[in-house]
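Data block below; observations after.
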Amino acid sequence: MAAPWKSALLILLASQAASCVNSSEEEEVPEEWVLLHVVQGQIGAGNYSYLRLNHEGKIVLKMQSLKGDADLYVSDSTLHPSFDDYELQSVTCGQDTVFVPAHFQRPVGIGVYGHPSHHESEFEMKVYYDTTMEQYPFGETAYSDGTEMSHKHAYAPEDASQEEESVLWTILISILKLVLEILF
């Protein structure tokens, strides 16, 4: 009786893995994003690699873990963000994306953390400049360079939903890893 469930679970997991691989190969970015830089690196388990972002405006960091699991932590208050001290984060298995708002103080600290579940992690991070114009609830507009912005704004609701989605995916993948570990 358990054999059909095992095979069904394996088929489901294989199809999910195949769709994840296909979606990461077809990386599409909006026309408004301008590629500034590509960073590739390796990081050992439990270690950090730090980068500094000096470019003004809205920045998008898209990091793909090529091997292992690298996580992304961003801060405008420290140049050495960690899982204990950060403003923005993305800690998924695979593609990690962080939207750095224009109002963040420069330089912005970027920490890439090698998750301890893998001996070594390899990553590729693409840094984009987002040229879209920001819209504010009371009719004010400001360009991405922040010239009309005089104070920090609260995180947008889409940032919260992105964090919730990231947490849900992390939990789902952890559960699947546990089920696979139990089965095999």
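The values are calculated or read from the model by the stated rules, or taken from the named source; none is laboratory data. These numbers come from a predicted model, not from an experiment. Heads up, the Cβs are rebuilt from the backbone with ideal geometry, glycines too, and the neighbour counts pull from every protein chain shown. SASA here: full protein model, heavy atoms, side chains in, ligands and nucleic acids out. Shrake-Rupley method; radii C 1.70, N 1.55, O 1.52, S 1.80 Å.
Key figures
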item	result
Count of residues meeting criterion [surrounded by 15 or more Cβ atoms within 10 Å (Cβ to Cβ) and over 23 Å from Leu176 (Cα atoms)] in the stretch 83-105	10
Exclusive hit being more than 14 Å from the chain's Cα centre (by Cα) and either modelled with pLDDT under 95 or among the hydrophobic types (A, V, I, L, M, F, W, C) (or both), set Leu53, Leu88, Leu72	Leu53
Any strands (runs of 3 or more DSSP E) falling wholly within the stretch 21-91 and containing at least 1 residues that are more than 23 Å from Ser174 (Cα to Cα)	33-44, 48-53, 58-67, 70-75
Among residues of the stretch 106-159, those that are open to solvent by less than 30 Å² (accessible area, probe 1.4 Å), polar (S, T, N, Q) and at pLDDT 50 or above, counted	1
